[in-house]
Amino acid sequence: MARPFKRGLLGGTFDHFHKGHEKLILNALEKCDFLEIWITSDNIASKKIGGVQSFEERNSFLNEWIKIKSESGELMDAGKDRILTKKLEDKVGPAEWRTDCDAIICTIETFPACEKINSTRINSDLHPLNIIKVEHLLTEDGTVLSSSLIRKGIYTRDGKKWIDESQVSKNLQMPRTIENTLKKPFGTLFKGPEEDTSIAISKLKKELNLEKHGGKIVAVGDVCVSALRNSGIIPDIAVIDGRTKRQDLPEDLIPKIQGYDEIINCKNPAGQITSEFSNCLISAAKSEHKVMIKVDGEEDLAPIILHLYLPLNAYVIYGQPNEGIVICISDEKVKLRCKSRFESFISN
């Protein structure tokens, strides 16, 4: 198949590689015989907000995608032999001076930068590059899909919401089929005696360097919240119900509210996720401030909703009766598991 251009240049971060990236590359391959993909270095990518993957992760994932798509025939004409990935160490890369390239690929945001590159080329007596502008891929609700929205935990890499907010407008009952699975630690368990949670918290803080964690820290359960506070960490979100092992806590053991910008009160019976509870959790997950949620009832099921709304790399910490403290890092696998569990709940 004859293509209009010989060699195209495409630059980007390619963090949490998604369907929009696929569209960009496939459009470039339709127009160019050969495509160079320049992936930003860690130094450049680190300036973005919200836990961008390392260059090694981004480069490895992209090359694996190229390999899989080529073997399946989805990249036409020996696609993997028509693509080369390189590291981009500056904002412009080689586009201003390369004489063996005739095209550059962009979106509407990067189009002005391409025009600037061409202006520099013309001033250097070089031919301008042909600009291939590719339309954005939209999410299921019409938003432009981006890596930043994926990092914020709002959309999957396919542009679907992790949870449809209409799903949390109902009161939901936990099915007995998943009751036993919820009793098992969902994350990494740090063992320690129940009468002294500081031991497990100390292990957790040391191993995960908790005080330097750049993402959200969430604690579910009064004992867990108090233990973190006593260790010098005020969780960004605290979910408490004034009880432990379904017994009322003494007043002096109930977590203090100092350090929280917002206190939310809601009701939620045991074994249920009410719409009121869901909305409180969603509000806290989206907030830029420290939020404490006081539950009249039971808060045990809070992590299921929280994980579906929290940014990637948030830490959710809760107590495991008679064993210690559990921490679950909110990544895409955890979100998928919580989504599956949530969808098994029964409307009542």
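The values are calculated or read from the model by the stated rules, or taken from the named source; none is laboratory data. Predicted model only: the values in this text are computed from it and were never measured. Heads up, the Cβs are rebuilt from the backbone with ideal geometry, glycines too, and the neighbour counts pull from every protein chain shown.
Per-structure values
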| item | result |
| --- | --- |
| Selection within region 21-64 - within 24 Å of Thr139 (Cα to Cα), among the basic types (Lys, Arg) and free of Cβ contacts under 8 Å to residues at least 60 places away in the same chain | Arg58 |
| Residues (more than 14 Å from Ser147 (Cβ to Cβ) and among the aliphatic types (A, V, I, L, M)) located in region 10-43 | Leu10, Ile25, Leu26, Ala28, Leu29, Leu35, Ile37 |
| Condition check for Ala28: small (Gly, Ala, Ser) and out of contact with any helix residue (DSSP H, G or I) (no Cβ under 6 Å at 6 or more places or on another chain) | yes |
| Residue in region 241-255 that is in contact with an Asp or Glu (Cβ under 7 Å, 6 or more places away or on another chain), outside any loop (DSSP other than H, G, I, E, B) and farther than 23 Å from Ile199 by Cα present | no |
| Pairs where the first residue, in region 65-93, is farther than 20 Å from Trp38 by Cα and the second is surrounded by 14 or more Cβ atoms within 10 Å (Cβ to Cβ) and modelled with pLDDT under 85, C-beta under 9 Å, 6+ apart | Glu71/Lys80; Gly73/Gly79 |
| Top-ranked residue in region 274-312 [being part of a loop (DSSP other than H, G, I, E, B) and over 20 Å from the mean Cα position of the chain (by Cα); ranked as surrounded by the fewest Cβ atoms within 10 Å (Cβ to Cβ)] | Glu298 |
| Leading residue by the ranking (surrounded by the fewest Cβ atoms within 10 Å (Cβ to Cβ)) among those in region 204-230 that are small (Gly, Ala, Ser) and either under 24 Å from Asp248 (Cβ atoms) or not assigned by TED's automatic domain parsing to the domain that holds His307 (or both) | Ser226 |
| Residue count for region 93-146, restricted to those that are small (Gly, Ala, Ser) and loosely packed, with under 13 Cβ neighbours inside 10 Å | 3 |
| Among (1) charged (D, E, K, R); (2) part of a loop (DSSP other than H, G, I, E, B); (3) at pLDDT 95 or above; (4) closer than 20 Å to Pro128 by Cα - the single one Asp15 does not satisfy | (4) |
| Residues of region 81-109 satisfying the condition of being of a type outside the set (A, V, I, L, M) and part of a helix (DSSP H, G or I) | Asp81, Arg82, Gly93, Pro94, Glu96 |
| Counted residues, region 78-92 - those being surrounded by 12 or more Cβ atoms within 10 Å (Cβ to Cβ), within 23 Å of Ala2 (Cβ to Cβ) and of a type outside the set (Lys, Arg) | 3 |
| Residues satisfying the stated conditions in region 34-52, i.e. crowded, with 20+ Cβ neighbours inside 10 Å and under 14 Å from Gly214 (Cα atoms) | Val52 |
| Residue count for region 137-183, restricted to those that are part of a helix (DSSP H, G or I) and not polar (S, T, N, Q) | 9 |
| In region 65-93, residue nearest to Thr13 (Cα to Cα) [restricted to those that are touching a strand residue (DSSP E or B) at 6+ places or on another chain (Cβ under 7 Å) and not charged (D, E, K, R)] | Leu88 |
| Among the candidates Asp261, Asp248, residue that is surrounded by fewer than 17 Cβ atoms within 10 Å (Cβ to Cβ), in contact with a strand residue (DSSP E or B) (Cβ under 8 Å, 6 or more places away or on another chain) and not hydroxyl-bearing (Ser, Thr, Tyr) | Asp261 |
| Tally, over region 149-171, of residues that are out of contact with any strand residue (DSSP E or B) (no Cβ under 7 Å at 6 or more places or on another chain) and surrounded by fewer than 16 Cβ atoms within 10 Å (Cβ to Cβ) | 6 |
| Filter pass, Leu137 being in contact with a Lys or Arg (Cβ under 6 Å, 6 or more places away or on another chain), of a type in the set (A, V, I, L, M) and assigned by TED's automatic domain parsing to the domain that holds Ala103 | yes |
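Each row is one residue, and each column tells you yes or no for (1) in contact with a Gly (Cβ under 7 Å, 6 or more places away or on another chain); (2) of a type in the set (Lys, Arg).
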site: Ile201; (1), (2): no, no
site: Lys206; (1), (2): no, yes
site: Leu210; (1), (2): no, no
site: Gly215; (1), (2): yes, no
site: Ser226; (1), (2): no, no
site: Asn230; (1), (2): no, no
site: Ala238; (1), (2): no, no
site: Gly242; (1), (2): no, no
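Conditions (1) within 24 Å of the chain's Cα centre (by Cα); (2) within 24 Å of Pro311 (Cβ to Cβ); (3) not in a helix (DSSP H, G or I), marked per residue:
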{"residue": "Asp196", "(1), (2), (3)": "no, no, yes"}
{"residue": "Ile201", "(1), (2), (3)": "no, yes, no"}
{"residue": "Gly215", "(1), (2), (3)": "yes, yes, yes"}
{"residue": "Ala219", "(1), (2), (3)": "yes, yes, yes"}
{"residue": "Pro235", "(1), (2), (3)": "yes, yes, yes"}
{"residue": "Ile263", "(1), (2), (3)": "no, yes, yes"}
{"residue": "Lys267", "(1), (2), (3)": "no, no, yes"}
